[in-house]
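Read-outs throughout are calculated quantities, based only on the coordinates presented, and are distinct from any laboratory measurement. Note that the structure is a prediction, hence the values are computed from the model and not measured. Don't worry about glycine lacking a Cβ; one is built from the backbone with ideal geometry, like all the others, and counts go over all protein chains shown.
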Amino acid sequence: MEFLQEQLPALQVVLPLVAASLCALFRFGYLSWLITLSSSILSFLVAVFLLLRVLEQGIISYEIGGWSPPFGIEYRVDLINAFVLLIVSGVSAVIVPYTQKSISARFDSTEQSWFYCMYLLVLTGLLGVTITGDAFNIFVFLEISSLASYAMIAMGRDRRGLTAAYQYLIMGTIGATFIVIGIGLLWAMTGTLNLYDLAGRLPEIKNTRPVLAALAFLTVGVSLKLALFPLHLWLPNAYAYGPSVASAFLAGTATKVAIYLLLRFFFTIFGGATFFTETPLPEILKILALLAMFAASIVAIFQSNIKRMLAYSSVAQIGFIVLGISYATETSLTGAMTHMFNHAIMKAGLFLLLGAIMFRLGSVKIEALSGIGRKMPLTMAGFVILGLSLIGAPGTAGFISKWYLGLGALEQGEWWILVLIVSASLLTMIYIGRVVEVAYFREPTDEVVQLKEAPSEMLWPAYLLIAAAIYFGFDTSFSADLARQAAVLLVNAVY
Amino acid sequence: MIRDTIILRVVIKLLLPAILLFALYVQFHGDYGPGGGFQAGVAAAAAIILYGLVFGVSAARKIVPQKFLFSLIPIGVLVFSGTGIVSWFFGANYLDYSPFGSDSKSGQHLGILIVELGVFITVFSTMLAIFYSFAGRSEILSLDGDTDK
């Protein structure tokens, strides 16, 4: 048992990887789903055990192949990435039970297997990026997850999914190239790829030009991956035209892992908040974050496709998170990390509910939804609750994270940021309100009248997320307190 | 048509065994000299692709059927990741080959050989799968009658 505990970090990545290979080997839809389900749930359990172990005994270091760091590849779990591992594997474990219904309705048995194979490869890549302590390994896993997600998005119902996937491929590859150039520069300057060895060596040479260039490349590359305004253009189409399951999964995990990378590079490796605030990065990030919050929210208001609307809303919410990062204080980073956690829950839930509407109605155009609140009451009620959480209404998870973000700004004496946070939240209210108005206050159309409530296999995973969105609005001992502990580690560059 | 050139057909048939043998050399000599699973996989796939270019994709598909090929891709990954899992049964870390042999050196040797075999299988089959998809597409197009024949 003790041995198994020691092997948990490797198991976290190996489980979905082997499961993905098995799906591709058997190519039988239902079996692939069972494999995906069991490996996803096991991955989640591994993440839970890892977090408990980190809380109990501190940082876990694991030597892949028995080669000791910094020469070999090290997997290193501290509170920061244990928290992200939990988000990624948790969102995945909730989504998989839902997929069977939605995927089997559209694909034949072999195609389903390929879908599950891609899904698991995305999961492998994201968990790998999060857990690894090796800079080049980050790039490899990032490419595994990205390539698999391009394929997953191309499998969408809409033919536009193909162009969206292609666009994402080009932008994602540019991002990955920037990241690898940044890593290459760091390696050239220090001769090491181990993140924590890098962190030890960088402070001496932090003001040399190659290191600053590396920081710039890494910032732009990772910002592309996390869809920071104005590098977000791949995201709306990718989320809107990919399969609903893929949108829910990627919205809940992929951008969150990219944000984790940003935090890791900015704070742990480059020497904490002191170095970060010496660079012009805080101002740049703050301006881009504010632009994202407003521009993306305003664009979201004018979307007729609700999936696209939520995709733009994701860009705006990423703006909130990056705003928190830009202050680089304990409170604001707590807000950023809590929002990362809460947004993963809310957005995954919203996309799952939209997927249920797509499944019954075959469309997510806003005008097609008139009166749907009467025919699919549970689905729409869930949408309203998650929508309120997205707005940041008190009593929901969204309120907690925005509270911390606002507090972070107030601590710096910038009260006007608080005003901006509230007004961006009002914009959220407008676009969520549009859907609510159409769904509840208009007469049902002929198509809507014939609708039935979404199947229970699709509803309960979404309701699990809804319950989480309410629960974490009242009990923050898990989400915000853990995020605060992680934020302390980040600000002081403890590793 | 390129297919009717007797010189090409004879020369390719003569070259094929040499290419495959060279691929195997690169594969198994990889731990002493330059080479390894990736290069060997590409070389072996190149042999089949060359055969396919001259004798037609359907002839190549008879040597390596598509279904079999699609199974080979994950099998290679499973060989690689399975080697790591075997390490667990020896009580070592993931992908630690040291306990495979009587001493750590021979263990590492055996481990890397198996892992490279996994790399070979996946690279070989992926290369061929890409070739089949592109080449198979032109066959579909020519059935529709809109190629330059």
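Please compute the contact order of segment A:168-215 in relative form: average sequence separation of alpha-carbon pairs under 8 Å and at least six residues apart, divided by the residue count, as a percent.
Numbers: 26 pairs, mean separation 19.5, N = 48.
Over segment A:168-215, the number comes to 41 percent.
Let me know the Rg and Dmax you get for segment A:1-49 when you use only its Cα atoms, in Å.
Cα only, segment A:1-49: 11.8, 36 Å (Rg, Dmax).
Which value, in nm² and rounded to one decimal, describes the direction-averaged projected area of the C-alpha convex hull of the protein assembly as shown?
31.1
Using the 10 angstrom Cβ neighbour count as an exposure proxy, how do A:R442, B:R61 rank, fewest first?
By the 10 Å Cβ count, ascending, the order reads A:R442, B:R61.
Under 12 Å from the Cβ of A:A251, count the other residues' Cβ atoms, weight Lys and Arg +1, Asp and Glu -1, and hand me the total. Before the final figure, lay out the partial values.
On the way: positive: A:K256, A:K307, A:K347; negative: none.
Summing Lys and Arg as +1 and Asp and Glu as -1 gives +3.
Let me have the relative contact order for chain A, percent, based on Cα pairs under 8 Å that are six or more residues apart. Please list the in-between numbers first.
Working: 903 pairs, mean separation 74.8, N = 495.
RCO, chain A: 15 percent.
Sort A:F266, B:F70 so that the residue with the fewest other Cβ atoms within 10 Å of its own Cβ comes first and the one with the most comes last.
Values: A:F266 27, B:F70 18.
Going from least to most buried by this count: B:F70, A:F266.
Among B:L110, B:I75, B:P34, whose Cα projects farthest towards the positive end of the dipole of segment B:2-140, with charges put on the beta-carbon of Lys, Arg (+1) and Asp, Glu (-1)?
Toward the positive end, the furthest listed residue is B:I75.
In straight Cα distance, which aspartates and glutamates are under 17 Å from B:K13, not counting same-chain residues fewer than 8 positions off?
Counting by Cα, and skipping residues close in sequence, B:K13 has these aspartates and glutamates nearby: B:D4.
Would you mind getting me the FRET efficiency between A:W415 and A:S109? Use the beta-carbon distance for r and R0 = 51 Å, nearest 0.05.
On the way: r = 59 Å, r/R0 = 1.15.
With R0 = 51 Å, the Cβ-Cβ based efficiency is 0.30.
Can you tell me the length gained on complete extension of the stretch B:A59 to B:D103, counting 0.36 nm per residue apart and subtracting the Cα distance?
Details: separation 44, 0.36 × 44 = 15.84 nm, distance 4.69 nm.
Once the chain is fully extended between B:A59 and B:D103, it gains 11.2 nm.
So, counting K/R as plus one and D/E as minus one, what does the shell of residues with Cβ under 11 Å around A:P9 add up to?
Working: positive: A:R53, A:R76; negative: A:E6, A:E63, A:E74.
In short, -1.
Please find the FRET efficiency linking A:I301 to B:R137, where r is the Cβ-Cβ separation and R0 is fixed at 45 Å, and quote it to the nearest 0.05. The partial results should precede the final answer.
Working: r = 43 Å, r/R0 = 0.95.
The value I calculate is 0.55.
Work from the charge dipole of segment A:280-495 (Cβ charges, +1 for Lys and Arg, -1 for Asp and Glu, about the Cα centre) and give the residue of A:G373, A:F383, A:I470 farthest towards its positive end.
So the residue furthest toward the plus end is A:G373.
At q = 0.12 Å⁻¹, what base-10 log of I(q)/I(0) does the Debye formula yield for segment A:280-495 when every alpha carbon is treated as an equal point scatterer in vacuo?
-0.62
For A:S68, A:S423, what's the fewest-to-most ordering of other Cβ within 10 Å of each Cβ? Kindly include the intermediate steps, with their values, before the conclusion.
On the way: A:S68 9, A:S423 12.
By the 10 Å Cβ count, ascending, the order reads A:S68, A:S423.
List, in the order given, every pair from A:K225/A:K375; A:K225/B:K62; A:K206/A:K286; A:K307/A:K452; A:K101/A:K307; A:K101/B:K62 whose Cα-Cα distance in the structure shown is over 31 Å. The partial results should precede the final answer.
On the way: A:K225/A:K375 38 Å; A:K225/B:K62 43 Å; A:K206/A:K286 23 Å; A:K307/A:K452 21 Å; A:K101/A:K307 19 Å; A:K101/B:K62 38 Å.
A:K225/A:K375; A:K225/B:K62; A:K101/B:K62, as the Cα separations exceed 31 Å there.
Please give every one of the aspartates and glutamates within straight-line cross-link reach of B:K105, meaning a C-alpha to C-alpha distance under 15 Å, and leave out same-chain neighbours fewer than 8 residues apart.
B:D31, B:D96
Compute the orientation-averaged projected area for chain B from the convex hull of its Cα atoms and round it to one decimal in nm². Don't skip to the end; give the middle numbers.
Details: hull surface 42.3 nm².
For chain B, averaging the hull's shadow over all directions gives 10.6 nm².
If I model a spin label at A:D481 and B:A18 as a point 7 Å from the Cα along the Cα→Cβ vector, what separation in nanometres do I get?
Distance between label points: 7.4 nm.
Between A:A188 and A:F71, how high is the FRET efficiency from 1/(1 + (r/R0)^6) when r is the Cβ-Cβ distance and R₀ = 25 Å? Nearest 0.05.
On the way: r = 18 Å, r/R0 = 0.71.
According to the calculation, E is roughly 0.90.
Mind putting a number on the dipole of chain A about its Cα centre? Charges go on the C-beta only, +1 for Lys and Arg and -1 for Asp and Glu, and I need it in Debye to the nearest 20. Please list the in-between numbers first.
On the way: 27 positive and 27 negative charges, 234 e Å.
In total the dipole reaches around 1120 debye.
Sequence neighbours fewer than 8 away in the same chain don't count; with that in mind, list the aspartates and glutamates whose C-alpha is under 19 Å from A:K347.
A:E457
Show that you can apply the helix-only estimate: for the protein assembly as shown, add -39,500 (n - 2.57) for every DSSP H stretch of four or more residues, divide by all residues, and state [θ] at 222 nm to the nearest 500. Before the final figure, lay out the partial values.
Details: 28 runs with 494 residues, N = 644.
Only helices count here, giving -26000 deg cm²/dmol.
Give me the net charge for the shell around A:V46: Cβ to Cβ below 15 angstrom, other residues only, Lys and Arg +1, Asp and Glu -1.
Values: positive: A:R53; negative: A:E6.
After counting each charged neighbour, the total is 0.
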